[in-house]
Amino acid sequence: MDLNTKYTPQSWPQHAENSTLEGKNKFVGFWLFLGGETTLFASLFATYLALKNKGPEGMEFTTQELYQLPLVFIMTMLLLTSSLTSVYAMYHMKNYNFKAMQAWLMITVLLGAAFLGFEIYEFNHYVHEGFNYSQSAFSSSFFTLVGTHGLHVLIGLGWFILLMLRNSKRGLNLYNAPKYYIASLYWHFIDVVWVFIFTVVYLMGVAG
Amino acid sequence: MSSIAQKKGFGATLWDYLTTVDHKKIAILYLVTGGFFFIVGGIEAMLIRIQLAKPDNDFVSAGLYNEIITMHGTTMIFLAAMPLIFAFMNAVVPLQIGARDVAFPFLNSLGFWMFFFGGIFLNLSWFLGGAPDAGWTSYASLSLASPGHGIDFYALGLQISGGGTLIAGINFLVTIINMRAPGMTYMRMPLFTWSTFVASALILFAFPPLTVGLFLMIFDRMFDANFFDHTMGGNTVIWEHLFWIFGHPEVYILILPMFGVFSEIFATFSRKRLFGYSAMVFATVLIGFLGFMVWAHHMFTTGLGATANAIFAVATMAIAVPTGVKIFNWLLTMWGGSIKFTTAMLYAVAFIPMFVIGGVTGVMQASAPLDYQLHDSYFIVAHFHYVIVGGTVLGLLAGLHFYWPLMFNTMLDETLGKITFWLFLIGFNLTFFIQHFLGLLGMPRRVFTYGADQGWDLFNLISSFGAIFMAVAVTILLINIVKTIAQNKAVGRDPWGDGRTLEWAIPQPVPFYNFKQTPLVRGLDTFWIEKQEGNKEGMTYAEPVGDIHMPHNSFIPFVMAFGLFVGAFGALYNGEQAWAVPVLILGLLITFLSMGTRSLKDDLGYHIHKEDLMDKKGGKH
Ligand code: HEM
Ligand SMILES: [Cu+2]
């Protein structure tokens, strides 16, 4: 593989993300990794469901009182939109349009950062109400599940930013195209997990 | 690096191994480290048997006894059996599928070093205030109450080495999916490759629940979380579920690859095609699948209710069906074959009755009502040693003799090998068969001593006596290894004369790039086919000689794993020592900076040029 090969949108392979063996390996390996991540989150969800609303004698915190759907709704919209913008970025990757790809990734990162900002606000708010990490089994399982997701968002942001900085001068090639691609896969995965958190934690918490 | 003529200094060799990304050398690293931990775990086992040899013994205290059994189990499963299995997977699978290396050589090295440092970290607990003492299952109600740092060593050490295992699992999956030589369809893959594939899939889905369980335990112990504390609404049974959702697949991770090794050995030394190949593949996949549906058979007495117990009992019994399919296929492979009783074959033949005994007791335990009697008694100890020693360890010993010439181009002494075999087999049965009856007589597992009036003296003495045989057997094995290395007599390609699959077709010593030309696989047992047709080279090629792309060696995996090791000390002493937080940050910095170096510095590898390959030496490094 040669980093210096120059491509045009016409000569750029249709599936740049897996047109080399290294790319193909990354592609398959990352899908498998996401399979493992799925069981990781499944375990956290199960733990949360088992411990939801459980606490020491006379605990007053319940899902109904705690969660505020409007805030979570905004967060959901931010993250869903950021998934869409990362699709645009990959669309431009496929068309060998480096600048547009970086730009859309930039927007993705901003949306993701906004999401994270809201999440920090939310956590902070709970802690101030007395619902801190060691307050109850409920609080521990809530912060661990949602916090693990938040950590994934943070890692995803860092990953995007490093990729964009590292490649800003040299543009796309068959070595970094798979990297962009799997980073965006990761981002979609995070988004899907959030959809489950939104449903299982927040919606079922308030309505169920 | 490839030629034996080159003699290198100790320093250069050490550096080579610290930085290697070559699957063949990583295999040797796994073999040596796993072998070391096997000895450590073995010594712990001897201490257990000394303590139990007579009633009311005070050879070790109750507390120390708990530490010893915990470390024995944990070491044997995570630090001996699994790495030794990885040793064979690394040594054999890429060659068996006609690949030049695994899919991610760098990650392969990282996986090894994470296992290495995780294992060291766990064992340092002996010197730093005491080892974990809540059993290898570390049930939360015990472990949360355990004073000192033992449990923290357990949780953090397994977390690090478990990460390495997960990496190795993904690596083998991708290797097998993407890197098979042309013609090697899924249904032409040798059974060792198939079983590696399925075991890796089990690793992928079983280790994350353990990761979560360990994190919850770490959080409970270190950050005052309340997952397992019922006064705060927590529930200790959650740990049991998470642990066994991992734990039961884990026992199949331990046995399936050995099923693969035995399948290769039966076919090779019966000089016959494996009987029922497709049924074998199907059974392997089915066992892997069912392995995820049965975890609650470890929790029959927890109180999950009759319905849950019934479902898990039936699911557990169902696994006996594909397992039986395999047993019959092995028997029928030998049927009518022209059998050669090498040491490896002896192990394989002995494995069948041993594993059947373990399987039968397994099905007994699977009937939930009976398990109320058997649970937590020595019957369970007998069961799992029949499957793990009678299955996995016999498989590892068989594999050691069988694949030794492939890895080192020399052959272990067959006479010494057979002596080891008989001593080990006799000792194993002496030690563990009688434990079934100890269990039925009511002796609970994990007790540090028993009274003289309980009627368990004689059986325990016999059991301890048997252990001596196994210790002698392993000692002879070590002598055998030293002798073989000292004599260093090269045996060349296809040393058994009856190799059937690609790994035996390759010249010895194996060139560092494995295959000069990618082979074309023309059927199941492709080497056998070529030999039958009189092909002297043993391979048909899929491509002309061309440049070969190779990855660079790298020290980064070592440093990354070392960073986690350092950081773990910080995490462990957090809140107790002033230096804890700085050390934690330092460790993570080491890891993340080396990770950063890795991703910022493009490492595209290098090419061995065609011209270098053409001259006889097979290219220089
Ligand atoms: C036919 C196949 C098998 C069946 C039906 C079976 C069934 C069981 C059951 C029901 C238990 C729980 C007993 C109790 O604690 O009360 C058990 C324990 C155990 N089995 Fe098996 N088993 C089978 C094969 C295996 C294999 C292949 C391995 C490992 C290679 C294995 C390793 C273990 C271990 C390590 C334990 C004890 C764990 C502990 O409590 O420390 N089993 N088995
Ligand atoms: Cu089990």
Problem set entry | Ratio Rg/Rh [Cα only; Rh per Kirkwood] for the protein assembly as shown | 0.97
For this session: Kindly provide the helix-only [θ] at 222 nm of chain A, computed as the sum of -39,500 (n - 2.57) over DSSP H runs of four or more divided by all residues, to the nearest 500 deg cm²/dmol?
Result: -24500 deg cm²/dmol
Problem set entry | ³J(HN,Hα) computed for each position of segment B:478-484 - Karplus, 6.51 cos²θ - 1.76 cosθ + 1.60, integer Hz, glycine/proline x | 5, 4, 4, 5, 4, 4, 5
Problem set entry | Computed P(r) (all Cα pairs; segment B:419-518; 10 Å bins; percent) | 13, 25, 21, 16, 15, 9, 1, 0
Exercise. Once both axes come from the Cα atoms, what is the angle between helix B:414-440 and the longest principal axis of chain B, in degrees from 0 to 90, rounded to 10?
Worked result: 30 degrees
Seminar exercise, completed: The size of the Cβ-based charge dipole (Lys, Arg +1; Asp, Glu -1) of the protein assembly as shown about the Cα centre, to the nearest 20 debye, is 2760 debye
For this session: Round to the nearest 10 and give me the degree value, 0 to 90, for the angle of helix B:378-387's Cα axis relative to the longest principal axis of chain B.
Result: 0 degrees
Exercise. Once a ≥ b ≥ c are taken as the square roots of the eigenvalues of the Cα gyration tensor of segment B:464-617, is the result rounded (a/c under 1.5), prolate (a/b larger than b/c) or oblate (a/b not larger than b/c)?
Worked result: oblate
Problem set entry | Percent RCO, i.e. relative contact order, over chain A, from Cα pairs under 8 Å lying at least 6 residues apart | 36 percent
Exercise. Taking the Cα centre of each part, how many Å lie between segment B:10-78 and segment B:109-175?
Worked result: 13 Å
Exercise. Which value in nm describes the separation of the simple spin-label points at B:VAL472 and B:VAL447, placed 7 Å from the Cα toward the beta carbon?
Worked result: 3.1 nm
Exercise. Whole-Å semi-axes of segment B:274-407's equivalent ellipsoid, largest first, each the root of 5 times a Cα gyration tensor eigenvalue?
Worked result: 31, 17, 12
For this session: Could you tell me what % of all Cα pairs in segment B:103-262 have separations over 21 Å?
Result: 52 percent
Exercise. What FRET efficiency do you get for A:LEU69 and B:ASP602 if R0 is 51 Å and r is their Cβ-Cβ distance, rounded to the nearest 0.05?
Worked result: 0.65
Exercise. Just the C-alpha atoms of segment A:53-208: what Rg/Rh do they give, with Rh taken as the Kirkwood radius?
Worked result: 1.08
Seminar exercise, completed: Expressed in nanometres to one decimal, the distance between label points 7 Å along Cα→Cβ at A:LEU21 and B:VAL482 is 4.2 nm
Problem set entry | Distance cut-off 12 Å, percentage of C-alpha pairs in segment B:86-145 lying past it | 76 percent
For this session: Beyond 22 Å between alpha-carbons counts as too far, so tell me which of B:LYS418/B:LYS483; A:LYS6/A:LYS169; A:LYS6/B:LYS601; B:LYS24/B:LYS326; B:LYS25/B:LYS418 fall in that bin.
Result: B:LYS24/B:LYS326; B:LYS25/B:LYS418
Problem set entry | Relative contact order (%) - criterion: Cα under 8 Å, at least six apart; region: chain B | 17 percent
Exercise. Cα-Cα pairs above 16 Å in segment B:279-346: how many percent?
Worked result: 59 percent
Exercise. Using only the Cα atoms of chain B, what do you get for the radius of gyration and for Dmax, in Å?
Worked result: 24.4, 79
For this session: Work out the FRET efficiency for B:ASP547 and B:LYS489 from their Cβ-Cβ distance, taking R0 = 30 Å, and round it to the nearest 0.05.
Result: 0.30
Seminar exercise, completed: The simple spin-label model distance between A:ALA114 and B:ALA310, using points 7 Å out along Cα→Cβ, in nm, is 5.5 nm
For this session: Could you please report the charge total around B:PHE351, scoring K, R as +1 and D, E as -1 over all other residues with beta-carbon less than 15 angstrom from its beta-carbon?
Result: 0
Exercise. Once phi is turned into θ = phi - 60°, what whole-Hz ³J(HN,Hα) does the Karplus curve with 6.51, -1.76 and 1.60 give for every residue of segment B:51-56, x standing for Gly and Pro?
Worked result: 4, 8, 4, 9, x, 6
Seminar exercise, completed: Spelling it out for B:LEU520: with amide H atoms placed in the peptide plane at 1.01 Å from N, the residues 5 or more places away or on another chain with amide H under 5 Å from its amide H are B:THR540, B:TYR541, B:ALA542
Exercise. B:SER377's amide H: which non-local residues (gap 5+, or another chain) put their own amide H closer than 5 Å, with H modeled 1.01 Å from N in plane and none for Pro or chain starts?
Worked result: B:ARG445
Exercise. So what is the 222 nm mean residue ellipticity for chain B from helices alone, if each DSSP H run of at least 4 adds -39500 (n - 2.57) and you divide by all residues, rounding to the nearest 500 deg cm²/dmol?
Worked result: -21500 deg cm²/dmol
Problem set entry | Whichever aspartates and glutamates have a C-alpha closer than 17 Å to that of A:LYS52, once near sequence neighbours (fewer than 8 apart) are set aside | A:GLU60, A:GLU65, B:ASP220, B:ASP229
For this session: Note the angle between two axes, namely the Cα long axis of helix B:343-366 and the longest principal axis of the Cα atoms of chain B, as a number of degrees from 0 to 90, rounded to the nearest 10.
Result: 40 degrees
For this session: Report the one residue of B:THR302, B:VAL40, B:MET614 whose Cα lies farthest in the direction of the positive end of the charge dipole of chain B (charges on C-beta: Lys and Arg +1, Asp and Glu -1; origin at the Cα centre).
Result: B:MET614
Problem set entry | Cα centroid of segment B:392-444 to Cα centroid of segment B:487-519, whole Å | 27 Å
Problem set entry | Test item: Cα-centred dipole of chain B, Lys/Arg +1 and Asp/Glu -1 on Cβ, debye | 1860 debye
For this session: Mind putting together the pair-distance distribution for segment B:353-444? All Cα pairs, 5 Å bins, whole percent per bin, short to long.
Result: 3, 13, 20, 19, 14, 10, 8, 6, 4, 2, 0
Exercise. By the gyration tensor of its Cα atoms, with a ≥ b ≥ c the square roots of the eigenvalues, what is the shape of segment A:24-119: rounded for a/c under 1.5, prolate for a/b over b/c, or oblate?
Worked result: oblate
For this session: Please report how far the C-alpha centroid of segment A:117-131 lies from that of segment B:318-332, rounded to the nearest whole angstrom.
Result: 56 Å
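Here, each number is a calculation from the coordinates, and none is a lab measurement. Because the structure is a prediction, the values reported are computed rather than measured. We place every Cβ from the backbone using ideal geometry, glycine too, and count neighbours over all the protein chains shown.
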